[in-house]
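A quick write-up on the structure given underneath.
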Amino acid sequence: MLAVFQKEISLFLNSLIAYIVIGVFLTGIGLLTWIFPDTNVLDYGYASLDTLFDLGPYVLMFLIPAITMRTLAEEHKTGTIELLLTRPLTDWDIVFGKFLASWVLVTLSILPTLIYYFSVYQLGNPVGNIDTPGIIGSYIGLILLGGLFAAIGMFASSLTDNQIVSFILAVFFCFIFFDGFEAIANIDVWGMFSLAISQLGIVYHYNTLSKGLLDLRDMVYFLSVMVFFLVSTYTMIRSRKW
């Protein structure tokens, strides 16, 4: 697994993909947080990073599939997956190695936004008048969300040989799992089952973490759905081997 992880990280950092993704994410979030009139922190009148954590998932929803779309689709298209499978690596080594590399790159994209926290911390009146526990929970939620989107993107990449198709499928799956269940739960026909349907989606658990409430159930949800998509990816690789 470590060999696959190192190979993927090296490929990312030696190509423009990593720098474009990080640059686009930071530029987009920076404009939304500090410049655009309807969302910037300076117009809020209070120290908050709600813009980052409310809109960040939608930016990641498009950028993470751009990272993961080549992980398996390109391997299948070029035939290099056959060479990879002949090496002394298990299928799980390949899946986890590629997944962890994608998640690390996403996390590296998020970490520079910590400067936003320190900036808002200083802008508070008095200095430091900011909901730090909520910010910590929101960052944990955003990083877990990045890992979950990466797992979904890996699964989408395992379904096809075409990177563009992989990208579109990943964006669709990410949207459905993030907002889809919440939208379905809001339809006024489910009665007492509305909450249960809502809890199947990402946004319910992400919003809880964003309040600074580090509930073990929310952490288990993120990890469980990650495992589900990684197992699905493993299953697709096994089925295509034969």
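The values are calculated or read from the model by the stated rules, or taken from the named source; none is laboratory data. Worth saying up front: this structure is predicted, and the values here are computed from it rather than measured. Neighbour counts are summed over all protein chains in view; Cβ atoms, including those assigned to glycine, are modelled from backbone coordinates with ideal geometry.
Numbers at a glance
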| quantity | calculated |
| --- | --- |
| Meets criteria (in a helix (DSSP H, G or I) and farther than 23 Å from residue 56 by Cβ) for residue 239 | yes |
| Counted residues, the range 2-20 - those being of a type in the set (A, V, I, L, M, F, W, C), within 20 Å of the chain's Cα centre (by Cα) and surrounded by 14 or more Cβ atoms within 10 Å (Cβ to Cβ) | 6 |
| Selection count where residues are surrounded by 14 or more Cβ atoms within 10 Å (Cβ to Cβ), out of contact with any Leu (no Cβ under 9 Å at 6 or more places or on another chain) and farther than 14 Å from residue 114 by Cα, scope the range 21-35 | 0 |
| Total residues in the range 160-173, condition crowded, with 16+ Cβ neighbours inside 10 Å and either within 17 Å of residue 226 (Cβ to Cβ) or modelled with pLDDT of 90 or more (or both) | 6 |
| Some residue of the range 131-138 being at pLDDT 90 or above and closer than 30 Å to residue 71 by Cα | no |
| Selection status of residue 180, over 12 Å from the mean Cα position of the chain (by Cα), under 28 Å from residue 73 (Cα atoms), surrounded by fewer than 22 Cβ atoms within 10 Å (Cβ to Cβ) and small (Gly, Ala, Ser) | yes |
| Residue 155 in a helix (DSSP H, G or I), in contact (Cβ under 8 Å) with a residue 40 or more places away in the chain, touching a Ser or Thr at 6+ places or on another chain (Cβ under 7 Å) and of a type in the set (A, V, I, L, M, F, W, C) | yes |
| Some residue of the range 149-169 being more than 25 Å from residue 94 (Cα to Cα) and not β-branched (Val, Ile, Thr) | no |
| Yes/no for residue 161 being under 14 Å from residue 148 (Cβ atoms) and among the charged types (D, E, K, R) | no |
